[in-house]
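Single-structure report; data block below.
The values are calculated or read from the model by the stated rules, or taken from the named source; none is laboratory data. Quick caveat: nothing in here was measured; it's all calculated off a predicted structure. Every residue, glycine as well, gets a Cβ built from its backbone with ideal geometry; the counts of neighbours run over all protein chains shown. In case anyone asks, the SASA skips ligands and DNA or RNA and just uses the protein heavy atoms, side chains included. Shrake-Rupley method; radii C 1.70, N 1.55, O 1.52, S 1.80 Å.
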Amino acid sequence: MPSLAPYFVYQALANTTFFQAVFMVFYQERAGLSLATVLWVQTYFTALRAGLDVPFGALADRTSRRLCLAVGMFLPALASSLLVWSPTLTVVVVAETLFAAGTALRSGADSALLYDLLKDAGRLDAYPRAESRGQSAAALASGTTAVVGSLLAALDLRLPYVVTALTALAGVLVALQLRIDVRTHHDGTRGDMRAAARLAVESPRLVWSVALAAFAVSTSHVYYYLQQPYLRALGVPLGAFGIVFAATKLVTAIVAARAASIDGALGSRGATIVMTLVGAAGLGAMSLATSAAGATIVLLRGILDGLWMPLTNVWVNRLVPSELRATMLSLQSLVARLALAGVIALAGIGTARIGLGPTLACFALAAALVGLCLVATAPRLPERSRVIAE
């Protein structure tokens, strides 16, 4: 069994973002942007990220996954530095462009790298648990740094970005130490993109998995993007934002660590039922909350993230051959991020016209309807012992 410690360290550093629990406050108070403007900027970020996901995934499959992961850490370091230097609307857009490119470079390449490392070592049976552990490490790092970041923000809103830049540079060094680096002969990234799209369209199970990822990503990010104005409306102190975020990530880590077992016990349909209940009930409860105690409702997002992040990667990797894994995972991300871009735009319109509470209620209803459709059409996905397309 090869050592997975460097991979887990990388996953932790890649999710060490000190500003994530307070970035909307930073944009509003330091850059002078309205909530609706911040949400429109995030719509741009998400759409750009979606557009870059597939070509960058194909690039990782055909050149160097390790180099893509390294550059994917350098770009957010640069973006964070620019925001500290001059937090204007123009710089915010430039920074979000760099954040999108960095995230897209890492998307798919990390999970594909892990899968092939274990496959080449003859330990593919360990992949689902390793994927879960990687997501758990990412969630713990994300939550821990959110606490520190919110405390730093209470002193100066720029400090979380300074520390993030330094940590991201450390992530570049770790990425360059990852030993596995798959390269295969090919006819170009466009050929990979066409092959991945054709494979997805021809496989009902892949279509369903991608649709589930789009649903889960969109629902989870309604929590994410509306969490900060929600906590502000409840009167939660800024220094406590990171605690709420960290508690959510702790739930994510616990659930992600058990995701493989949950998959075995509930199957794809059972896991989807849980995600639907969490999305609809959680957002609905947030729309009704009026006191600081409502902050605990946000923790439900941790259950959703703890299930979809490892499980959709596992399911897709089992259905796709090695030379297309990063490309297919990026294609999945493309569809999910395009759906999310629309959701964020609707959130901006909703909060501006009908207010935060009614907007959350509308998203709760949408989550219930879409989730029920996915539950009704859930296919039987390959189990650990029946990996497809190897």
THR189 fails exactly one of the following numbered conditions: (1) modelled with pLDDT of 65 or more; (2) more than 30 Å from SER81 (Cα to Cα); (3) crowded, with 19+ Cβ neighbours inside 10 Å; (4) not basic (Lys, Arg). What is the number of that condition? (1)
Does LEU266 satisfy the condition of being free of Cβ contacts under 8 Å to residues at least 40 places away in the same chain and open to solvent by 30 Å² or more (accessible area, probe 1.4 Å)? yes
Of the residues THR63, THR43, which is modelled with pLDDT of 85 or more and polar (S, T, N, Q)? THR43
Given (1) in a helix (DSSP H, G or I); (2) open to solvent by 10 Å² or more (accessible area, probe 1.4 Å); (3) not hydrophobic (A, V, I, L, M, F, W, C), PRO87 misses just (1)
Just need a number here: residues in region 365-383 that are modelled with pLDDT of 90 or more, among the aliphatic types (A, V, I, L, M) and assigned to a loop (DSSP other than H, G, I, E, B). 0
I need a count of the residues in region 93-112 that are aliphatic (A, V, I, L, M) and under 23 Å from PRO321 (Cα atoms). 4
Just give me the residues in region 17-28 being open to solvent by 20 Å² or more (accessible area, probe 1.4 Å) and among the hydroxyl-bearing types (Ser, Thr, Tyr), in sequence order. THR17
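Residue by residue, here is whether (1) open to solvent by less than 10 Å² (accessible area, probe 1.4 Å); (2) at positive phi; (3) at pLDDT 75 or above holds:
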| site | (1), (2), (3) |
| --- | --- |
| VAL316 | yes, no, yes |
| LEU334 | no, no, yes |
| THR351 | no, no, yes |
| GLY357 | no, no, yes |
| PHE363 | no, no, yes |
| SER385 | no, no, no |
I'd like the full set of residues that are on the phi < 0 side of the Ramachandran plot, open to solvent by 10 Å² or more (accessible area, probe 1.4 Å) and not acidic (Asp, Glu), limited to region 100-127. ALA101, THR103, LEU105, ARG106, SER107, LEU117, LYS119, ALA121, ARG123, LEU124, ALA126
In this structure, is LEU311 at pLDDT below 90, surrounded by 19 or more Cβ atoms within 10 Å (Cβ to Cβ) and of a type in the set (A, V, I, L, M, F, W, C)? yes
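Can you confirm whether THR16 is within 23 Å of ALA153 (Cβ to Cβ) and of a type in the set (S, T, N, Q)?
yes
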Please go through region 29-39 and pick out each residue that is surrounded by fewer than 17 Cβ atoms within 10 Å (Cβ to Cβ), at pLDDT 90 or above and under 18 Å from GLN227 (Cβ atoms). GLU29
Of all residues making up region 269-300, the number that are of a type in the set (D, E, K, R) and open to solvent by less than 10 Å² (accessible area, probe 1.4 Å): 0
For region 40-66, name all the residues that are among the charged types (D, E, K, R) and either surrounded by fewer than 20 Cβ atoms within 10 Å (Cβ to Cβ) or more than 11 Å from ARG337 (Cα to Cα) (or both). ASP61, ARG62, ARG65, ARG66
What's the number of the condition LEU178 fails, among (1) under 24 Å from the mean Cα position of the chain (by Cα); (2) assigned to a helix (DSSP H, G or I); (3) at pLDDT below 80? (2)
Matching residues, region 91-125, being among the aliphatic types (A, V, I, L, M), part of a helix (DSSP H, G or I) and modelled with pLDDT under 80: ALA109, ALA112, LEU113, LEU114, LEU117, LEU118, LEU124
Which listed residue is open to solvent by less than 20 Å² (accessible area, probe 1.4 Å), in a helix (DSSP H, G or I), of a type in the set (A, V, I, L, M) and under 24 Å from SER34 (Cα atoms), from LEU231, LEU304: LEU231
Hey, SER330 hits all of (1) over 30 Å from TYR230 (Cβ atoms); (2) without any contact (Cβ under 8 Å) to a residue 12 or more places away in the chain but one; which does it fall short on? (2)
